[in-house]
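Read through the structure below, which is laid out as structure tokens, and then see the notes.
The values are calculated or read from the model by the stated rules, or taken from the named source; none is laboratory data. Here the structure is a predicted model, which means the values were calculated and not measured. Cβ placement follows ideal geometry from the backbone for every residue including glycine, while neighbour counts extend to all protein chains displayed. Surface accessibility is based on the protein's heavy atoms, side chains included, excluding ligands, DNA and RNA. Shrake-Rupley method; radii C 1.70, N 1.55, O 1.52, S 1.80 Å.
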Amino acid sequence: MRFYTLNLSEIEYLKNKHTHRDLTSTNHLLPYTTINFQDNEVWLLPEFPSHSELALHPLYSEPTIQKKNSKTIFKLASEGINFYFPPPNHNFQNNSELVSIIKKRQLLFDEIPFSMEEIHVHACHGFVSYSPGVMKGKEKGSGEGGQLQCKRCGNRDPFLFGTHDCYRCKEKCTYCRSCLMMGKVSTCTPLCEQRDGSPVHEVGGERENRPHVHEMAWSGTLSFFQQKASDKLCQTIEAFLQGTNEKDTFLSWAVCGAGKTEMLFYGIQLALNAGLNVLIATPRTDVVLELEPRFKEAFPKTNVQALYGGAENRFAQGELIISTTHQVLRFHKAFDIVIIDEVDAFPYTADRKLRYGVDKAKHNRSLTVFVSATPDEKMKRAAEKGEILSVKVARRYHKHPLPEPRFQWVGQWKKQLERKSLPVPLRKWLEGHLASRKQIFLFIPSVAIIEKVMNALEKELRTEIESVHSSDPDRREKVMQFRKGVTRVLVTTTILERGVTVKDVQVGVVGAEDRIFTESALVQISGRAGRSPDCPRGDVVFFHYGKTEEMVKAVRHIKEMNKLGEAELREERKGE
């Protein structure tokens with residue numbers, strides 16, 4: 001897309017000349033007002049496609065425009081040109097659906113289900129503004145002219161930019177390959193965002209649309225240490241509301257099955273009733289699908305929206321947003337409280353753009369809450385040194401210890417799978433639990449061996465078996481069938497290492513020596529077992545062809561948390 005630029009005098013000249021001809025269509029191209037128009041600013045007049053009605057407007061035949069060369073928004077921004085957008089025209093009857101879609105977001109024209117003409121009309125009346133999708137940075141060492149950066153995902157890697165002949169701008173166009181799966185951000189594509197004319201956002205201040213009281217329907221009881229963690233989070237949010245918080249980061253470090261979600265309920269209710277915008281972001285779609293019904297049940301009168309790839313409406317607005325970190329990339333300065341569940345999970349830890357997206361989604365002043373059973377060493381040290389606020393819960397809500405994994409050597413298990421047979425220890429373990437009517441999570445290191453594992457299982461076991469992986473289109477349904485007890489053995493990659501709860505499930509890890517099974521992954525996988533107070537023990541086995549340091553560290557981690565949990569129980573008894 002290309003734009004002509006008009007300064008204040010040119011706009012006034014064109015408006016005076018064309019107002020008597022067709023005021024309506026002129027106001028579809030030029031700003032309805034030039035109030036606060038600065039000398040160093042220009043108005044962006046789109047070069048509409050030839051088939052557009054607005055492209056035939058007599059305005060485009062004016063010598064003022066004919067003598068100009070249209071340019072991409074990237075070139076204009078690179079030249080240091082500032083853009084003017086008017087304040088909202090509250091006498092203009094806007095398209096409420098369009099305004100709702102772009103609210104708190106930065107979207108491409110192609111993502112908005114309305115014509116370019118209608119979007120620009122809203123820009124003329126102060127409800128939409130444009131910004132470059134790709135810009136040149138000004139960092140040291142970035143080379144002449146600066147290093148390219150995608151403004152949606154933050155990508156700066158030259159190898160993750162591509163170039164193609166663009167039919168829109170009719171020249172070589174550079175685009176970001178890092179977030180290409182969400183739509184092409186290029187040097188000629190503006191990002192559209194809302195202009196609502198609101199004053200500078202003030203946390204805890206008066207809001208134009210103060211929300212209703214958010215009632216919580218959850219009737220459960222927090223354990224002693226869940227309550228301590230919940231209280232500390234509420235105190236932190238209260239300090240944030242009052243502007244007295246010294247730190248803007250809070251870590252909730254709680255073991256798998258501690259009831260981390262329930263610990264968040266009261267803090268989220270406090271934030272919502274104070275009029276704050278709350279986001280719960282998590283790296284995995286499965287976790288979003290797990291959290292959505294729980295929060296909808298806990299807050300039945302609150303508009304809770306879940307955003308993930310494949311969701312029915314990825315642009316829905318809600319009072320409480322639960323989203324994958326990929327979908328968060330579309331938000332811009334939208335949230336006061338950002339809760340990142342499973343902060344240590346792949347792909348969040350490995351993908352810089354997801355962390356950039358979360359930072360971009362925050363208001364200038366915000367509070368970030370990290371939730372994890374396995375925070376990385378850097379975050380642990382920051383918590384221990386008091387650099388970030390933190391709370392630790394080392395005992396599950398039902399007060400039983402974490403199941404401690406045991407090691408089982410199975411020899412060259414890959415060769416046995418080639419012969420469609422299971423290692424004897426693994427087969428006996430499976431048969432024993434199935435005979436006791438137990439369900440089994442069987443974790444494997446990669447999608448590549450799923451078929452071989454399934455062939456061996458189906459040959460040697462007579463039970464209902466399924467497999468899932470990250471790109472499985474039926475993953476949601478298969479997990480649901482497992483939860484219902486229809487499926488007895490679910491073979492899975494690490495995609496289900498966290499966020500999925502099944503009562504009385506037993507856990508086996510085949511090929512636990514594989515490098516995909518880090519300490520964090522193995523701790524999370526082990527945490528699938530023993531989560532129910534009715535069946536708190538569970539069995540966890542690492543089937544391997546040689547113990548690794550990560551396996552040993554995972555078991556040590558779990559044992560240490562169990563020791564801390566015992567200390568917590570003693571403290572609780574003293575407080576009774």
Residues located in segment 243-261, provided they are closer than 17 Å to F335 by Cα and either of a type in the set (A, V, I, L, M) or outside any loop (DSSP other than H, G, I, E, B) (or both): T249, F250
Given the residues G275, G257, G318, which is the only one that is under 30 Å from K563 (Cα atoms) and either out of contact with any helix residue (DSSP H, G or I) (no Cβ under 9 Å at 6 or more places or on another chain) or without any contact (Cβ under 8 Å) to a residue 40 or more places away in the chain (or both)? G257
If only one of T463, T487 is hydroxyl-bearing (S, T, Y) and touching an Asp or Glu at 6+ places or on another chain (Cβ under 8 Å), which one is it? T487
Hey, among the residues in segment 159-177 that are hydroxyl-bearing (S, T, Y) and under 25 Å from P113 (Cβ atoms), which one's most open to solvent (accessible area, probe 1.4 Å)? Y167
Could you tell me whether segment 534-542 includes any residue that is among the aromatic types (F, W, Y), more than 21 Å from V393 (Cβ to Cβ) and open to solvent by less than 70 Å² (accessible area, probe 1.4 Å)? yes
Restrict the check to segment 501-513 and report whether at least one residue is over 22 Å from L434 (Cα atoms), modelled with pLDDT of 95 or more and assigned by TED's automatic domain parsing to the domain that holds W429. yes
Select, from Q408, Q416, Q439, the only residue that is more than 20 Å from Q506 (Cα to Cα) and modelled with pLDDT of 95 or more. Q416
Based on this model, can you work out whether F83 counts as aromatic (F, W, Y), under 24 Å from F331 (Cβ atoms) and open to solvent by 30 Å² or more (accessible area, probe 1.4 Å)? yes
Please give the number of the condition H214 fails out of (1) farther than 30 Å from V507 by Cα; (2) open to solvent by less than 40 Å² (accessible area, probe 1.4 Å); (3) in contact with a Gly (Cβ under 8 Å, 6 or more places away or on another chain). (3)
Can you spot a residue in segment 107-118 that is outside any helix (DSSP H, G or I), closer than 23 Å to H57 by Cα and open to solvent by less than 20 Å² (accessible area, probe 1.4 Å)? no
Answer residue from segment 15-47, given it is open to solvent by less than 50 Å² (accessible area, probe 1.4 Å) and modelled with pLDDT under 90 and is nearest to H90 (Cα to Cα) among those: N27
Of (1) within 30 Å of E560 (Cα to Cα); (2) surrounded by 18 or more Cβ atoms within 10 Å (Cβ to Cβ), V453 fails just (1)
Does segment 533-550 include one or more residues that are touching a strand residue (DSSP E or B) at 6+ places or on another chain (Cβ under 6 Å), closer than 20 Å to Q226 by Cβ, touching a residue at least 12 places away in the same chain (Cβ under 8 Å) and not in a helix (DSSP H, G or I)? no
Taking into account only those residues within segment 51-73 that are small (G, A, S) and at pLDDT below 90, which is least open to solvent (accessible area, probe 1.4 Å)? S52
From the residues in segment 464-477 that are of a type outside the set (A, V, I, L, M, F, W, C) and at pLDDT 95 or above, which one is farthest from L417 (Cα to Cα)? E464
Condition check: farther than 20 Å from V391 by Cα, part of a loop (DSSP other than H, G, I, E, B) and either in the same structural domain as G411 (by TED's automatic domain parsing) or open to solvent by 30 Å² or more (accessible area, probe 1.4 Å) (or both). Does R556 satisfy that? no
Could you grab the pairs with beta carbons closer than 9 Å, sequence gap of 6+ or different chains, first residue in segment 456-470 and within 25 Å of D286 (Cα to Cα) and touching a residue at least 12 places away in the same chain (Cβ under 8 Å), second one among the basic types (K, R) and part of a helix (DSSP H, G or I)? E466/K478; S467/K478; V468/R475; V468/K478; H469/R475
Filter segment 283-301 for residues that are in contact with a Phe, Trp or Tyr (Cβ under 8 Å, 6 or more places away or on another chain) and open to solvent by less than 20 Å² (accessible area, probe 1.4 Å); the one that is nearest to F250 (Cα to Cα) is P283
Under the condition of being of a type in the set (V, I, T) and buried (at least 20 other Cβ atoms within 10 Å of the Cβ), which residue from segment 384-423 is nearest to E568 (Cα to Cα)? V393
Here are T368, T374: which of them is touching a His at 6+ places or on another chain (Cβ under 8 Å) and closer than 21 Å to Q227 by Cα? T374
